[in-house]
2 protein chains.
Amino acid sequence: MSFNTRTHTCGELKLSNANEVVTLNGWVAKKRDLGGLLFIDLRDRYGITQIKIAPEQKDIYEVASKVGNEFVISVGGVVIERESKNKNIPTGEIEIDVQKFQILNEASVTPFVIEDEVKASEDLRLQYRYLDLRRHSLQRNLMIRSDVYRIVRNFYADRNFVEVETPILMKSTPEGARDYLVPSRVHKGKFYALPQSPQTYKQILMVSGLDRYIQICKCFRDEDLRADRQPEFTQIDLEMSFVHQQDVFNMTEPMFKEIWKEILGIELQTPFPQMSYDFVLENYGSDKPDLRIFGLSKIVNISEIVKDLEFVVFKNALAEKNGIVGGVKFSFAENNIDVTRKIIDGLTDFVKKLGFGGLGYIKYNSDGSVQSPLQKFLNEEVQAKIKNVFEAKDGEIIFILSGAKKKVLTSLGTIRNKIAADYKLIDKSRYEFLWVTDFPLFHYDEESGEIAAEHHMFTSPKAEEMYKFDEAKNLSGKERGELLQSIKADCYDLVLNGNEIASGSIRIHRQDIQKKVFDVVGLTEQEQQEKFGFLLNAFQYGAPPHGGVAFGFDRIVAILCGLDAIRDVIAFPKTVSAASLMDESPSNVAQQQLDDLGIAITIQTKNSD
Amino acid sequence: MSFNTRTHTCGELKLSNANEVVTLNGWVAKKRDLGGLLFIDLRDRYGITQIKIAPEQKDIYEVASKVGNEFVISVGGVVIERESKNKNIPTGEIEIDVQKFQILNEASVTPFVIEDEVKASEDLRLQYRYLDLRRHSLQRNLMIRSDVYRIVRNFYADRNFVEVETPILMKSTPEGARDYLVPSRVHKGKFYALPQSPQTYKQILMVSGLDRYIQICKCFRDEDLRADRQPEFTQIDLEMSFVHQQDVFNMTEPMFKEIWKEILGIELQTPFPQMSYDFVLENYGSDKPDLRIFGLSKIVNISEIVKDLEFVVFKNALAEKNGIVGGVKFSFAENNIDVTRKIIDGLTDFVKKLGFGGLGYIKYNSDGSVQSPLQKFLNEEVQAKIKNVFEAKDGEIIFILSGAKKKVLTSLGTIRNKIAADYKLIDKSRYEFLWVTDFPLFHYDEESGEIAAEHHMFTSPKAEEMYKFDEAKNLSGKERGELLQSIKADCYDLVLNGNEIASGSIRIHRQDIQKKVFDVVGLTEQEQQEKFGFLLNAFQYGAPPHGGVAFGFDRIVAILCGLDAIRDVIAFPKTVSAASLMDESPSNVAQQQLDDLGIAITIQTKNSD
């Protein structure tokens, strides 16, 4: 259509532009009639500019009177100084005295008002995503996201990383999550899979000598979605040859420094702290501790202190192999929290659901008195030692659990997180990065007897632990499982504010070691060949030592935007049932399409719309 | 594993590094035994460095003697000046006097030798893609590709474009090519589709006011692959609000300038020429003319000159509506080509396959004589006029066809391209960009009577041609089809060296016009709602005028690399049967996976491996 294109955006005109003849294009954000004068707030992505139309401009006035909110218009006119200035917006000192006025498109009344504090339900907003995305806050998220792409890619381009696109139509190798499958029309009966990660391809690129690889790529998992998962998500995917773990860290920490500086103006401190998996489990009861938490101590193992007591609960716990007694201290008084009977009962119910008989505690009241159901079981010496080891003082309470080590630790970790969340004991102004290292290579499930990769099957065991593979051959059952589970891997996570934002490892680069790992997780020789034959073959022609990491892009952007939900940093997110409310996908397809693919529908979900 | 990480790459040590103690990691490219001294060419992505091992270094010598080509090693030693320098490589003045030597991985004999002039079949190289990618030429292609991503993204980031990821799991709206489908597990019986292009989403982003959008994205087409198509390919996808066609051109030409300058050191001239679709068809017989062709004239329509002749072939052709007589001139002598009887017979067979009765020609021999089967039908005046209008001289030949206009023009275009290819009449040193504009909106198929979108259904008709929609309502059949086909669109292609490297348009932004187009291509009201209801709805809430373009990324990179095949600029390409020979996808999947999706295989391609 014919219209005058803008000379400026709606966000840039200032007093210094006074008397210039300009053209603006945009949306009617608001129209006001003040004593005959019409004022229009004209909006685009860049800002808002006020348009003034006097009744004397009869033709224009008549057209302008008809426009409603969200009409698209083109206006031409002269920039003039405003009488009543608006200090809140950059263009607040000027307005446009209109000389030309054209409606470019009309707008029906929108199902919700386009404003930052939107009142519509999330479902309605997802259905009308194009209107929701007109809100400044969502546009800001997408613009921050766009900036982060740029910073990350340029950071790695400056460091000799080659950006390579790996295939989206790849081989199905289901493990971990379910693959999304794509039926092949040419090879009927066969399927591609969408990548859960480009893991094998980036390793192949290292075998090919590409040395340093980067890609910001889509990955797919057909999981039953939890609140904040998406079927397709984005990761920053890296791989490097001839490196050790610290080289990977050194090549990622400065990237975060650049992002935080450019987006938030914050100088991050590097190097980031590093703690082993065992250490964080023992101290925080979590492999992704939130180091912003205050008012709660680390976990303290008091098994040694209480081991000679005749208290049957502790005694039984410690009699078990791997049994411990541990606690965590909550400084309630200095955080102005009153730990009432009701609160303690609530926490007790909470740990009962986790499978404990009850929750021990020792409360040091502000008046100097001590309250504890354990008191009668603890002698004075033990009480003193406990108080001492926790450095407890009045106004603090120690919660104590006993049982199997991992369960006690993770439950105390859960209690820490729950109390921190309930009482806002998290310093939201901080960004706490942490490398968690030395993860176990395998996860042994005692009940099923199954052994799986803790991270993935391509993770390198630590060289000094390789002997355990041979030792395990002489063992069976639980003994074997526990020995294998004790193998540490060159594997690491990056944790930010209690979120796992990256996971990586030094990879296996030798065929014999890769086969050992495949054997342990129970892949037969045939399965190894069918699924990963190309990788095993590749390792045979001179694979270099290599390692890498993948960062959760959506989560990083959400944290930068100060948001909890990744769907607010994704232009077109799906619901928890993996549906798009805007375009109603997934949808029915024509029978001909299925015939072409040689497939048929055998089960139809009812009422899935 | 434990090894010394490199202090330098294999491409950077120079005489100025002499006496430094360094560590290098890399692949054994070649090993030579010269009078007891061992020399190893150590290779990585960055270059080759020579390693020297003397027999006196007994332990190292023994290990080094065992390594074969493609072994991965780590060597430490002192940089020393070479006796016999190699001027062909940057590191040719130095070598490493080895002090430490470690084998990091062994290598079997590779199925083909890793060298630029590889002798293996393409299938073998695709199967061992990780080895093929070790070749310098393929690595160079991927590095150029990586550079182009960076240049493009930064170009648009600098110009306020927002990079947005659109969904890969989207709605199936089959048209043009076939969609790849993805069965939904949660909504059994329904399907996602992989995008053929993010067209609707980028338009939705304009409706949402994002103003300027860029994405380099994967697109998918389940077509029967021709030689140089890939089931997944990459495009640079742009969209802008409040623009006219020229604004889109202005925002893309400088990008090519930057790419060409940075990658090839070439200063492109802008603005690129613009020619209308009608013009290029009439002059070059193609909507993507290769302007590098020399020695061949444009097409000349000689209908006016020959219209009064009694020659039955021309007479019949011109009696038809849209019949023409046209020709193209080939300057053979100045290009040292001898146009023999055999060559003319070959071209005659060629046009017969295109459906012509024969090929007319007038050959002006170098000795001044004229040869032509038409001579007896053309009087002297006509002969003179033809010679004149073609500016023909001795050593040139005019080929003449008659028949339906479009067929004559495109066939003459094909002849031009064929002769240019056969006799290398293409200046390969040039890069000829050309905007082709004013495409028809619709394509009318006379035989089936079907009317389809020439580009896609979201392309805006030119405002001044809108009246034809109403006029067409009073017509039917061929008359209606031809009237609709005469509607020009705000639609453009960018052609480079005869390749269509981009396609774009100003889009429809009004619901009523979009519905008119949907109606013409035969979408029922119900289909319109089911497939594009969300877009029609979006247009109702204030859609701005907008337009954009999509560039074929793979093709652009191939041209920059001087390659004909896009698969050489794709890390992991698929074969013409859309298979990956390396990982053997597509592949069989477990019955459980199909059960989970509620689908069954009804046809199985035999021997599809």
In Å, what Kirkwood hydrodynamic radius results for the protein assembly as shown from the alpha-carbon pair distances?
35.1
In whole percent, what relative contact order does region B:15-105 give with Cα contacts below 8 Å and a gap of six or more residues?
33
Euclidean distance of C-alpha centroids, region B:147-224 and region A:191-212, integer Å:
22
So which aspartates and glutamates can B:LYS488 reach, going by Cα to Cα under 14 Å and dropping same-chain residues fewer than 8 places off?
B:ASP278, B:ASP438, B:GLU454, B:GLU464, B:GLU465
Hey, how many Å between the Cα centroid of region A:302-361 and the Cα centroid of region B:1-70?
61
When a/c reaches 1.5 or more, the comparison of a/b and b/c decides; with that in mind, is region B:122-211 rounded, prolate or oblate per its Cα gyration tensor?
oblate
Per DSSP H run of n ≥ 4, the term is -39500 (n - 2.57); total these for chain B, divide by its residue number, and report the mean residue ellipticity at 222 nm rounded to 500 deg cm²/dmol.
-8500 deg cm²/dmol
Is region A:293-422 best put as rounded, prolate or oblate by its Cα gyration tensor, with a ≥ b ≥ c the root eigenvalues, rounded for a/c under 1.5, and otherwise prolate when a/b is larger than b/c, oblate when not?
oblate
Relative contact order of chain B (C-alpha contacts under 8 Å, at least 6 apart) in percent is 13
Note on region A:15-105: alpha-carbon gyration tensor, axes a ≥ b ≥ c; rule is a/c under 1.5 for rounded, else prolate if a/b larger than b/c, else oblate; result rounded
Quick check: Cα centre of region A:399-457 to Cα centre of region B:74-107, how many Å?
49
In nm, one decimal, shortest first: how far is the label point of B:GLU223 (7 Å from Cα along Cα to beta carbon) from the matching points in the other copies?
3.7
Measuring nothing but label to label, 7 Å from Cα along Cα→Cβ, what are B:GLU482's distances to the other copies in nm, shortest first?
9.1
Region A:247-337: which chymotrypsin sites (Phe, Trp or Tyr not before Pro) are DSSP loop and have at most 16 other beta-carbon atoms within 10 angstrom?
A:PHE294
Once you charge only the Cβ atoms, +1 for Lys and Arg and -1 for Asp and Glu, what is the size of the charge dipole of the protein assembly as shown about its Cα centre, to the nearest 20 debye?
80
Explain nothing, just the number: relative contact order of region B:119-244, from Cα pairs under 8 Å at least 6 residues apart, as a whole percent.
20
Chain A -> Rg/Rh from Cα coords, Kirkwood Rh, value 1.05
Applying a 10 Å radius around every beta-carbon, put B:556-568, A:485-497 in order of their mean neighbour count, most first.
A:485-497, B:556-568
Average other protein chain Cβ within 10 Å of Cβ, residues B:147-153
4
Put the label 7 Å from Cα along Cα→Cβ for B:GLU465; what are its distances to the other copies, in nanometres, shortest first?
6.9
Could you rank the peptides B:418-431, A:202-215 by their average count of other C-beta atoms within 10 Å per residue, with the highest value first?
A:202-215, B:418-431
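Values quoted throughout were computed directly from the atomic coordinates according to the rules given, and no laboratory measurement underlies them. Nothing here was measured: the structure is a model prediction, and the numbers come from that model. Here the Cβ is made from the backbone with ideal geometry for all residues, glycine too, and neighbour counts use every protein chain on show.
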